[in-house]
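Colleague: Got a structure here, written out as C-alpha cells. Questions coming.
Each value in this text was obtained by applying a stated rule to the coordinates, not by laboratory testing. Source: prediction; values computed, not measured. Cβ placement follows ideal geometry from the backbone for every residue including glycine, while neighbour counts extend to all protein chains displayed.
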Amino acid sequence: MPFPSLSIGDLTAKLPIVQGGMGVGISLHRLAAAVAAEGGIGVIAGAMIGMREHDIAKDPQTANARALAAEIVKARALTDGVLGVNIMVVLTDFSNLVRTSIANRADVIFSGAGLPMELPKIFRTMCEEKKEDFKTKLVPIISSARAASILCKKWLLKADYLPDAFVLEGPKAGGHLGFKPEDLNDPEYSLDTVLPQVLDSLKPFEDKYGRAIPVIAAGGVYTGGDIHKYLTMGAAGVQMGTRFVATEECDADIRFKQAIVNAKEEDLTIIKSPVGMPGRAIRGRFLEALEEGKKNFKCVFHCVSTCDPETSPYCIAQALLNAMKGNLDRGFAFIGANGPRVDCITTVKELIHSLQVEYDAAVQAARA
C-alpha cells in the first residue's frame with residue numbers, strides 16, 4: 001500500500017515524510033533536493049548557512065542570506081518537489097533569513113528553538129511590501145499542546161494568521177530539545193503521550209476556522225512501522241533527521257556520516273547548548289574537554305541571540321562547522337535517540353524504499 005500524501009493547505013507532498021533541517025551544513029541543497037525528488041519534503045537548514053562565504057566573519061547576516069538564496073536556487077534546479085527551510089528563532093538573523101526564504105519561493109518555513117511569534121508578521125509585511133501573494137507555508141516546531149495553543153492565539157491576534165501546520169518534536173530527537181533535561185525520559189513528555197494532546201488542542205481552531213492544521217510527528221521516528229503508528233494516531237506526517245544524515249546525498253563530510261554509523265548507545269549524551277536548550281549529541285574529545293572545564297571561545301559570528309560570549313564555554317557555530325567538515329576532535333555531531341540503530345550509509349532512494357516496505361508490512365499486520 002503506498003504512503004498517503006501530506007497536505008499543508010494547498011501544498012501537497014507525495015510522501016508524508018519531512019526531512020529534518022540539520023545545521024550547520026548537514027542538510028543543504030543536495031540532501032533537500034534528493035528527498036523532495038523522492039516525494040518527501042526536503043529541508044535546507046538556515047543556521048550559519050553562509051559558512052563558506054568569504055565575508056562570513058565580517059558580515060554574517062549578508063553572507064547567510066546570500067548563501068541561503070543560492071542553496072534554494074540550487075535545490076530548485078534539481079527538483080520540482082516540495083522544499084522547505086528550517087530557521088531557528090534564536091538566530092540573530094532570523095528575520096532576514098525568513099524574508100530571504102519567502103522571496104526565493106521556499107514552499108515551507110519550519111521554525112523552532114523558541115516560539116516563532118513574529119513569523120506571520122514578517123510574512124504579512126513582505127506580502128504588503130512586494131504587493132505579492134506569497135505561497136510559503138509557516139510551520140512552527142513545538143514540544144507541547146500548550147505551545148500549539150499559544151501560537152494559534154498569538155498569530156491570530158498579531159497577524160490574523162493560523163499556523164499552516166505544526167511539527168511536534170518529542171524528546172528522542174537529535175539536536176536541540178524543547179524539554180528540561182530531567183523530563184527527557186519521563187513518559188509524560190513522550191511523543192506518544194503529547195501527540196493526542198496537541199491534536200485535541202488544535203481541534204477548536206480547526207472547527208472555528210474551517211480548515212485542518214496538520215501535525216507532523218518528530219523525534220524518534222525510525223522505521224516505516226513508526227510512520228504507520230503515528231499516522232494511525234492522527235499525525236498527518238512524520239519528520240526524520242538522523243536517518244537522512246547517513247545517506248550519500250547528505251551534505252556533510254563522510255567522517256561526520258561515519259560518526260553516526262559508528263555511534264553506540266553509550267556514546268550518546270545530553271549537552272547544555274549555548275542556545276540555552278539541552279541537546280542530544282555524540283560524546284567525543286571536544287565534549288570531554290568541555291567537561292574537564294576547558295574553554296576556548298571567541299565570538300566571531302554573533303549567530304545566536306541567547307548565547308552569552310562571557311559565560312559560554314564554546315562557540316556552537318564553530319563546533320558544528322568543524323564537525324560537518326569531519327573534524328570531530330574540534331566539534332560534535334547531534335544525533336537522535338535511535339541513532340545507534342543506523343549501521344550503514346545508504347542513498348535517499350534506498351532509504352525511502354525501505355521505509356515503504358516497512359510501512360506496507362505494518363499496514364498488513366494491522367489488517368490481520
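Colleague: Share of antiparallel DSSP beta bridges in the chain, in percent to the nearest 5? Don't jump to the answer; show the numbers that get you there.
Modeller: On the way: 12 of 38 bridges.
Close to 30 percent.
Colleague: Residue farthest toward the positive end of the dipole of the chain, with Cβ of Lys/Arg at +1 and Asp/Glu at -1: which of MET1, ALA47, ILE260?
Modeller: ALA47
Colleague: Additional query: Let's test the formula: R0 of 25 Å, r as the Cβ-Cβ distance of THR125 and VAL73. What FRET efficiency results, to the nearest 0.05?
Modeller: Calculated value: 0.60.
Colleague: Then there is this: When Lys and Arg each count +1 and Asp and Glu each count -1, what net charge do the other residues less than 15 Å away from LEU6, Cβ to Cβ, add up to?
Modeller: Value of the local net charge: -2.
Colleague: Something else now. Translational D (Stokes-Einstein, µm²/s) of the range 120-173 at 25 °C and 0.890 mPa s when Rh comes from the Kirkwood sum over C-alpha pairs?
Modeller: 201 µm²/s
Colleague: Still on this structure, I have one more. Picking from GLY170, TYR189, ALA212, whose Cα lies most toward the positive end of the charge dipole for the range 152-239 (charges on Cβ: Lys, Arg +1; Asp, Glu -1)?
Modeller: ALA212
Colleague: Right, another one. Which order results if CYS127, CYS344 are arranged by neighbouring Cβ count within 10 Å, fewest first?
Modeller: Sorted ascending by nearby Cβ count, the order is CYS344, CYS127.
Colleague: Of the candidates GLY42, GLY178, GLY21, which one comes out as most mobile in a Gaussian network treatment of the chain with C-alpha springs shorter than 10 Å?
Modeller: GLY178
Colleague: Given springs between every Cα pair under 10 Å in a Gaussian network model of the chain, which of ASP133, ASP55, ASP164 has the largest fluctuation?
Modeller: ASP133
Colleague: Okay, next question. Between LEU351, LEU195, LEU321, which gets the highest mean-square fluctuation from a Gaussian network model of the chain, Cα cutoff 10 Å?
Modeller: LEU351
Colleague: Test of understanding: what is the full-extension gain from ARG367 to ASP183, defined as 0.36 nm times their sequence separation minus their Cα-Cα distance?
Modeller: 62.7 nm
Colleague: In what order do LEU184, LEU355 fall by count of nearby beta-carbon atoms within 10 Å, going from fewest to most? Intermediate results must be reported in sequence, preceding the final value.
Modeller: Values: LEU184 18, LEU355 25.
The fewest-first ordering by Cβ neighbours comes to LEU184, LEU355.
Colleague: Using the Kyte-Doolittle scale, find the helices of the chain whose mean hydropathy is at least -1.0 and whose Cα atoms extend 15 Å or more along the helix's long axis, counting only whole DSSP H runs.
Modeller: Taking the DSSP H segments of the chain (at least 15 Å long, mean hydropathy at least -1.0), we get 60-78, 119-130, 145-159, 191-209, 348-367.
Colleague: So the label point goes 7 Å from the Cα of SER5 along Cα→C-beta, right? Which residues of the range 79-123 then have their backbone N under 20 Å from it?
Modeller: Label zone hits: 79-84, 106-109.
Colleague: Then there is this: For GLU206 and LYS272, calculate 0.36 nm times their separation in residues minus their Cα-Cα distance, and state this gained length in nm to one decimal.
Modeller: Values: separation 66, 0.36 × 66 = 23.76 nm, distance 3.68 nm.
Length difference between fully extended and current span is 20.1 nm.
Colleague: How far is it, in nm, from the label point at ALA289 to the one at ARG146 when both lie 7 Å from their Cα along the line to the Cβ?
Modeller: Calculated label separation equals 3.9 nm.
Colleague: Which entries in LYS203/LYS229; LYS58/LYS180; LYS180/LYS208; LYS121/LYS203; LYS14/LYS264; LYS14/LYS121 show an alpha-carbon gap greater than 27 Å?
Modeller: LYS58/LYS180; LYS180/LYS208; LYS14/LYS264; LYS14/LYS121
Colleague: If you don't mind, there's one more thing I want to ask. Would you please give the FRET efficiency between ALA103 and HIS54, computed as 1/(1 + (r/R0)^6) with r the Cβ-Cβ distance and R0 = 25 Å, to the nearest 0.05?
Modeller: Working: r = 22 Å, r/R0 = 0.89.
Using R0 = 25 Å, I get an efficiency of 0.65.
Colleague: Let me ask something else about it. Would you list which aspartates and glutamates come within 14 Å of LYS257, measuring only between C-alpha atoms, while excluding same-chain residues fewer than 8 positions from it?
Modeller: Within the straight-line limit of under 14 Å, LYS257 reaches these aspartates and glutamates: GLU248, GLU249, ASP343.
Colleague: Now for a separate question. If you take the Cα Rg of the range 1-156 and divide it by 2.2 N^0.38 Å, with N the number of residues, what do you get?
Modeller: In units of the globular-protein estimate, the range 1-156 measures up at 1.01.
Colleague: Ok, one more. Using the structure shown, select from LYS131/LYS158; LYS74/LYS131; LYS153/LYS349 the pairs with a Cα to Cα distance greater than 31 angstrom.
Modeller: Too far apart for the 31 Å limit: LYS153/LYS349.
Colleague: Mind sorting SER273, SER312, SER354 by how few other Cβ atoms lie within 10 Å of their own Cβ, fewest first? Mind showing how you got there, number by number?
Modeller: Numbers: SER273 23, SER312 19, SER354 14.
The most exposed by this proxy come first: SER354, SER312, SER273.
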